[in-house]
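Undergrad: Below you'll find the structure I mean.
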Amino acid sequence: MTNTDIPLALPGIWHGGDYNPEQWDEAVWDDDARLMTGANWNVATLPVFGWASLEPEEGVYTWEWLDAVLEKLSARGIAFCLATATASVPAWLDAAYPDVRVTNESGVKVWHGNRHTFCPNSANFRRLSTNLARKIAERYGNHPGVKLWHISNEYGNLCYCDENCAPAFRLWLQERYGTLDELNHRWYTRFWGHTFTDWAQIEPPITIGERSMNALRLDYARFASESLLNCFRAEKAVLREITPDVPVTTNLMGAFFPLNYHEWAAAMDVVSWDNYPGPDAPYAAVAFNHALMRGLKEGLPFLLIEQSPSQQNWQPYNALKPPRQLRLQSFQAVAHGAESVMYFQWRRGRGGIEKNHGAVIEHHGRTDARVFREVSELGAELATLGAATLGGRTPARVAVLYDWETAWALRFASGPSRDFDYTREVRGAYIALHESGIAADVVSPGANLAPYDVIIAPTLTLLSRPNAARIVARVEAGATLLATAYTGLLDDTDLVYENGAPGALTEVLGLWVEESDALPPPKTNGIRFAEDFAGIAADTTFRADLLCDRVRLETARPIGVYTDDFYAGEPVFTVNAHGDGLGYYLASRLEPAGLQAVLRAVCREKGIASPLLDGDAPPPGVEIAERVSPDGTRLMYLLQHGADTADVLLTAGATYTDLLTGESMTSTARLAPRDVRVLRRAA
Ligand code: GLA
Ligand code: ZN
């Protein structure tokens, strides 16, 4: 968090969501405001896509409709998450300024008719969008209902155009590298004769062109993410000038590949994100996304700013959320740090591509309907929880590192395995911990690691020297590092470290990588523990697959060895004492049970376990998450995602009160399917 961040001051958990009144006749607006109160909404986000309705032609503004809507909402005590309305470019603007239209990855300029279609480096877009943000802020900034600014929407439109982006990219590179010689060296352009002799020769990496220049693609990914971030920053600067006390956000999307959200979060006052799990998404995978979003600001609470109250329209099969599923998912978000439960959207639209997307008020327009009732009940329940949960932080002593630049570098590279998916690997490590009931944060390799006693680096392939040095320093001060196969191969320009992997972590891990094998499925290898290890008995075996590094030990000691292939008997799991800490290397990918056993063992060594009886894992399907409020109140959330009734064994001798039901319990908490308990331990 930067010290210029403006905190969000909420009276309780926010409950509300996207409202698109410009799609409806004025006659509906009174009903909307009244029914929102009935749904126990206290906040509405608007007008996200309202540019064409607010500025129907350049410099001509039609505020009256928004004036009227805001007054109606305000009269009902509903706060606004006020949008700058710049997510959709009006048709007149595209027609008048063709350079605003985005050029896609294939080098094709898109036609009008979608949203998020602007070139982020278009000076015309920058001028017109910041102008609209200014006009809106000038008109409504002093309205007491405005509690949060919502800039644009789900940024993600990467542009590869010749007229704006190419020259901006060249300038960006000049600033980064200074000379072409330096760029040629860092980009390894002697490969395939790619040497540049003039800056003007460098082009955006469109897909119909040559894609062999990994370093160019990596830098373009950085540049493209930053280009969109600059649009956000430009609007934010205007808002800050006019309303210095109103926090600013934009809605993020979890592990969204194109944007480096660690960079973005630093520019945002509060992180907010849109949670749209597929109908079969495992709960722990959703938890990973919450943890990733919470980790963007190193553990500060965030906003769940969108989710569907029922179904989506863009999954292959848009299943309904069965009764109490919405409630369960909403409390899951709160358990992981959300201070709001918000929806897309209020009223299901009658036309366009989202007419099949769920909403609080469905096409029938009635409130005596299941979804409306569930939303309304949830709002009432959240209100009872209120301030008890606000500001609460996850008491995690384990950090799982996630890095957008590694995701990019691995995706752009050719090899080692087409089945490798970086985000899936990091998520897998988080899930192994989470299902064990062990609290973990998901943070950037550049984050402050001081709060963490265990640092997990799943396949952290790209690792800059400064970030490596900070991890090493934390180990020297006593922390445990566990890195997995393919970690530490590349520096921050996609160049392999001299002498190869694990690069700047060679000393802390006490080994070097001789070769890396990639197994074609269904081929597997395995791990056999050569000795008892923190609760794992000697000779225990697990399957290993996908990537198998053959490592040579310097100061490290083997704990587990490969079971198969010509490298059977060679180390696959090692430990190295370094300073006051330990560096573990797991040279392959283990089956989930194996990974879980290893991570639990490594945590156990540090005295880290679940908060349940004997530090045990919760029953399968039961999720556990804790939040500790600024006043020290510790709330334990138990959520039953499984299909059975489960008994969760609580710490012996302690008494807990369920804040949702008022029940008190001592040794056991019983949960029926989709039950939620929010337990406060008696002092
Ligand atoms: C995103 C957008 C919304 C809407 C929903 C539909 O989150 O921000 O405008 O399109 O998806 O799921
Ligand atoms: Zn462009």
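The values are calculated or read from the model by the stated rules, or taken from the named source; none is laboratory data. Keep in mind the model is a prediction, meaning the values are calculated, not measured. Every residue, glycine among them, receives a Cβ derived from its backbone with ideal geometry; neighbour counts consider all protein chains shown. When the accessible area is computed, the model is the full protein with side chains, heavy atoms only, and any ligands, DNA or RNA have been set aside. Shrake-Rupley method; radii C 1.70, N 1.55, O 1.52, S 1.80 Å.
Undergrad: Can you give the Rg and Dmax of the stretch 448-560 based on its C-alpha atoms, in angstrom?
TA: 14.9, 42
Undergrad: Leaving ligands, DNA and RNA out of it, report the carbon-plus-sulfur percent of the accessible area of the chain at a 1.4 Å probe. Please report the intermediate quantities before stating the final value.
TA: Values: 13030 of 26320 Å².
It is 49 percent, rounded to a whole number.
Undergrad: Also, I was wondering about something else. Taking every Cα atom in the chain, find the radius of gyration and the maximum pairwise distance Dmax, and write them in Å.
TA: That works out to 26.1, 76 Å for Rg and Dmax.
Undergrad: May I pose another question? Checking a compactness column here: for the stretch 613-681, what do you get for Rg(Cα) / (2.2 N^0.38 Å), N being the number of residues? Could you put the intermediate results ahead of the total?
TA: Details: Rg = 11.5 Å, N = 69, 2.2 N^0.38 = 11.0 Å.
Rg over 2.2 N^0.38 Å, computed on Cα atoms: 1.04.
Undergrad: Okay, next question. Highest mean first, what order results for 82-88, 563-569 on Cβ atoms within 10 Å? Walk me through the numbers before you get to the answer.
TA: On the way: 82-88: 25.7, 563-569: 14.7.
Final packing ranking: 82-88, 563-569.
Undergrad: For the stretch 398-605, what number results from the quotient of the Cα radius of gyration and 2.2 N^0.38 Å?
TA: Numbers: Rg = 15.3 Å, N = 208, 2.2 N^0.38 = 16.7 Å.
For the stretch 398-605, the normalised Cα radius of gyration is 0.91.
Undergrad: Here's a follow-up. Round to a whole angstrom and tell me the spacing of the C-alpha centers of the stretch 152-215 and the stretch 441-487.
TA: 30
Undergrad: With n ≥ 4 as the cut-off for DSSP H runs, can you work out [θ] at 222 nm for the chain, using -39500 (n - 2.57) per run divided by the number of residues, rounded to the nearest 500? Spell out each step's value before the answer.
TA: Values: 17 runs with 202 residues, N = 683.
My calculation for the chain gives -9000 deg cm²/dmol from helical runs alone.
Undergrad: Under a 1.4 Å probe, what is the accessible area of the chain per residue, stated in Å²?
TA: 39
Undergrad: So, one more: Please report how far the C-alpha centroid of the stretch 488-513 lies from that of the stretch 615-668, rounded to the nearest whole angstrom.
TA: Each part reduced to its Cα centre gives a spacing of 43 Å.
Undergrad: Which of the peptides 34-45, 57-68 is most tightly packed, and how do the rest follow, going by the mean number of other Cβ atoms within 10 Å of each residue? Please list the in-between numbers first.
TA: Numbers: 34-45: 21.6, 57-68: 13.0.
Peptide ranking by packing, descending: 34-45, 57-68.
Undergrad: Show me the chymotrypsin sites (Phe, Trp or Tyr not before Pro) within the stretch 77-122 that DSSP assigns to loop and that have at most 11 other Cβ atoms within 10 Å of their Cβ.
TA: Numbers: sites: Phe80, Trp92, Trp111, Phe118; in loops: Trp111.
Qualifying residues, ordered by number: Trp111.
Undergrad: Which order do peptides 529-540, 441-452 fall in by mean Cβ count within 10 Å, highest first?
TA: Numbers: 529-540: 14.5, 441-452: 20.5.
Averaged packing, sorted descending, gives the order 441-452, 529-540.
Undergrad: Placing +1 at every Lys and Arg Cβ and -1 at every Asp and Glu Cβ, with all other atoms neutral, what dipole size does the stretch 348-506 have around its Cα centre, in debye to the nearest 20? The partial results should precede the final answer.
TA: Values: 15 positive and 19 negative charges, 94 e Å.
Here the stretch 348-506 has a charge dipole of around 460 debye.
Undergrad: Give me the compactness ratio for the stretch 14-253, meaning the Cα radius of gyration over 2.2 N^0.38 Å.
TA: On the way: Rg = 21.1 Å, N = 240, 2.2 N^0.38 = 17.7 Å.
That ratio works out to 1.19.
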